Structures are given as structure tokens and as C-alpha cells.
Amino acid sequence: MEIQETSSISTTPPWREFANNVSGEWDGYGADFTTEGKPIELPENVVPEAYREWEVRVFDWQTQCPTIAKPEESSLMYKLIQLLPTVGCEADAATRHSIDERNVGGADNKVSAFAYDSSGCYVAVWPLSDNGVSKLFEVEHCLVDPQNRESRVRIVQVIRVDKTLLLQNIKVYREQWYGPFRNGDQLGGCSIRDTAFASTDATKGSEVIGSWHGSCVVARFQSQTDIPQQLINQKPLKLVRDDHGLIFLPKQLWCSLKEEENGETCAEVGWLFKQGSAITSRCSFTKDGKLKEVAIGHETLQEV
């Protein structure tokens with residue numbers, strides 16, 4: 001990657017703008033994938049009997065993600081709510097299967113590193129476990145559609161540190177902004193502007209491989225801190241992306257976890273939001289899993 005650093009000036013308080021763009025009721029669908037990009041079926045005990053009788057395989061959770069960031073302080077809370085699958089248009093009466101609350105900042109902080117952009121994009125590193133021999137953590141990349149601020153994807157890479165960094169599995173959430181924050185009290189139901197996606201076609205490699213150029217914003221971490229870091233210092237970038245290590249996911253998404261020549265590991269995700277245009281997130285980690293840098297970029301594929 002070739003980059004030259006330039007300065008970036010914002011006239012609006014960046015966290016306040018971020019809080020305005022990230023907060024609200026985000027409804028959609030979520031699914032788990034293997035490291036080969038294959039969707040994982042939901043547990044049999046949560047799938048309605050009718051689906052089993054019809055031999056319908058179910059891969060997607062319907063989800064809610066009520067999110068609130070406080071403009072006056074650097075704190076954020078969201079709840080990932082998974083709803084039990086329903087038959088037909090019964091989503092408004094759906095039963096919650098699980099609730100996972102995540103907090104950035106404050107007494108309930110669970111994040112070890114957090115980088116944000118005023119657009120509503122962010123990257124969060126969530127520690128999961130550490131037994132002294134190996135540790136497990138999640139890297140959550142939240143990317144907002146540059147053409148539609150009410151549409152976003154969150155790709156979560158579950159990573160194990162065991163001599164090297166190993167990708168364990170992938171979670172994908174496609175979400176639409178449904179209204180102001182109400183703590184998940186109201187569900188979009190049948191008016192949700194999206195559909196289940198896990199078993200749809202994966203991104204074609206030919207749409208991702210090639211020479212890309214554009215710009216990115218960067219946050220650097222000298223040490224692990226739960227204080228949110230703003231993505232600043234806009235830089236031009238130029239890179240060639242090949243298919244080595246790329247995992248192609250549905251809905252024009254991809255990700256990878258690659259060891260680089262300097263011994264660091266790069267966790268990358270990308271969203272081809274329109275033909276030849278992508279928004280990407282890249283995180284550099286040391287061998288022991290410490291975050292060094294986050295870069296979120298807007299890229300254009302160069303025609304041959």
C-alpha cells in the first residue's frame with residue numbers, strides 16, 4: 001500500500017456527529033459463517049417445526065441492534081438481540097432468543113480498543129477470553145453505505161491468538177436504520193427493508209481482485225485503550241488485491257486475515273456497495289494480538 005499523509009479538519013465535533021449517525025434502532029438479519037465463507041445453520045431447537053417438515057434450512061437470525069452514543073461523552077451502548085425464527089409474517093410477535101449488550105466507555109466498558117469516523121463507521125475490539133495460553137477476541141467492523149446512511153453492515157471476525165493469529169469464524173449483520181433509539185421496544189417486523197441473505201450467492205472474486213485506489217482515514221494505537229480514537233489524517237492509498245486468503249461472503253462482502261512481511265497481521269473486510277466501488281476496513285495487529293492501526297477507506301477499482 002502506498003500512502004501519503006495529509007491533514008483532515010472537521011468543523012463539527014466529531015463524536016457528536018458520530019453519535020448522531022450511529023444511534024437508533026437498527027433492524028435486519030445476521031448469520032454465522034465458517035472460515036471458508038460457508039453459512040452455518042441455526043440450531044435445530046430454535047427452528048419452527050414447520051420449517052423442518054418442509055425441509056427448509058434456516059441460516060439467518062432476525063436481529064435488532066438498538067444503539068445509543070451520548071454526544072456529551074465518549075460512551076456507546078448497543079444490544080444485539082436475536083429473535084427466534086417465525087413462520088410467515090409474525091415478526092412483530094417474535095420472541096427474543098438472546099441479548100448481548102456491549103458498552104464502550106463508562107463503568108460497564110467491555111471494549112479494549114475503539115476507532116470511529118463521524119459517518120457512523122467504527123471498529124471495535126472485544127476481548128472474549130484469555131486462559132493464559134491463548135486468547136480469543138472479536139474485531140467488529142461497522143461500515144455505513146456511503147450512498148445511504150440508513151444502511152450498514154457489521155462484519156465480526158472472531159480471532160484466536162495462539163503463537164499466531166487464527167481466524168475462528170465470521171459473523172455478518174446487514175442492518176437498516178428503523179428510527180430513533182427506543183431500546184429495542186419496537187420491532188420493524190414485516191416492514192423491515194431487507195431479507196435473509198446467508199444462503200445467497202457469494203461475492204465474485206473477479207469483482208474484488210485488481211488494482212484499487214482511493215483514500216482512507218486512520219487511527220493509531222500506541223497502547224491498548226478503551227478511549228475511543230477518532231479516525232483522522234486522510235491519506236491517499238493505492239493497492240493491488242489478489243485472491244490469496246480472501247473469503248468471499250454474500251451481499252458483495254469479503255474479508256481476510258493475513259500475516260504481513262513485517263510480522264504483523266492484517267484483518268480486512270470490504271463491502272462492494274456498487275460496481276467498482278468499495279468501502280473497506282483494515283486493522284493491523286502485533287503477533288500477540290495488540291491493535292496497532294485502523295484504516296477505513298473508500299476505494300475504486302481501476303480498469304485494466
For segment 230-255, name all the residues that are of a type in the set (Gly, Ala, Ser) and in a strand (DSSP E or B).
-> none
Segment 235-246 residues that are free of Cβ contacts under 8 Å to residues at least 40 places away in the same chain and surrounded by fewer than 13 Cβ atoms within 10 Å (Cβ to Cβ), paired with ones that are in a strand (DSSP E or B) and of a type in the set (S, T, N, Q) (beta carbon under 6 Å, 6 or more apart) | Val240/Ser211
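Leu83 - would you say it is surrounded by fewer than 18 Cβ atoms within 10 Å (Cβ to Cβ) and closer than 25 Å to Tyr29 by Cβ?
No, not satisfied.
Out of curiosity, is Ala295 small (Gly, Ala, Ser), buried (at least 20 other Cβ atoms within 10 Å of the Cβ) and touching an Asp or Glu at 6+ places or on another chain (Cβ under 6 Å)? First the steps, then the outcome.
Numbers: small (Gly, Ala, Ser): yes; buried (at least 20 other Cβ atoms within 10 Å of the Cβ): yes; touching an Asp or Glu at 6+ places or on another chain (Cβ under 6 Å): no.
It is false that Ala295 is small (Gly, Ala, Ser), buried (at least 20 other Cβ atoms within 10 Å of the Cβ) and touching an Asp or Glu at 6+ places or on another chain (Cβ under 6 Å).
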Taking segment 115-139 on its own, how many of its residues are basic (Lys, Arg) and not in a strand (DSSP E or B)?
-> 0
Restricting the search to segment 131-165, which residues are modelled with pLDDT of 95 or more, exposed (fewer than 15 other Cβ atoms within 10 Å of the Cβ) and of a type outside the set (D, E, K, R)?
-> Gln147, Asn148
Could you check, for segment 215-227, whether at least one of its residues is without any contact (Cβ under 8 Å) to a residue 40 or more places away in the chain, over 16 Å from the mean Cα position of the chain (by Cα) and crowded, with 16+ Cβ neighbours inside 10 Å?
-> no
Considering only segment 140-168, state which residues are over 18 Å from Cys266 (Cβ atoms) and not in a strand (DSSP E or B).
-> Asp145, Pro146, Gln147, Asn148, Arg149, Glu150
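Filter segment 13-28 down to the residues that are out of contact with any Pro (no Cβ under 6 Å at 6 or more places or on another chain), part of a strand (DSSP E or B) and under 13 Å from Arg149 (Cα atoms) and list them by number.
Matches in segment 13-28: Trp26 only.
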Would you tally the residues in segment 51-71 being at pLDDT 90 or above and not in a loop (DSSP other than H, G, I, E, B)?
-> 8
Hey, Glu150 out of contact with any Lys or Arg (no Cβ under 7 Å at 6 or more places or on another chain) and within 28 Å of Asp162 (Cβ to Cβ) or not | no
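The values are calculated or read from the model by the stated rules, or taken from the named source; none is laboratory data. All values derive from a computational prediction rather than experimental measurement. Cβ: placed from backbone, ideal geometry, glycine included. Neighbour counts: every protein chain shown.
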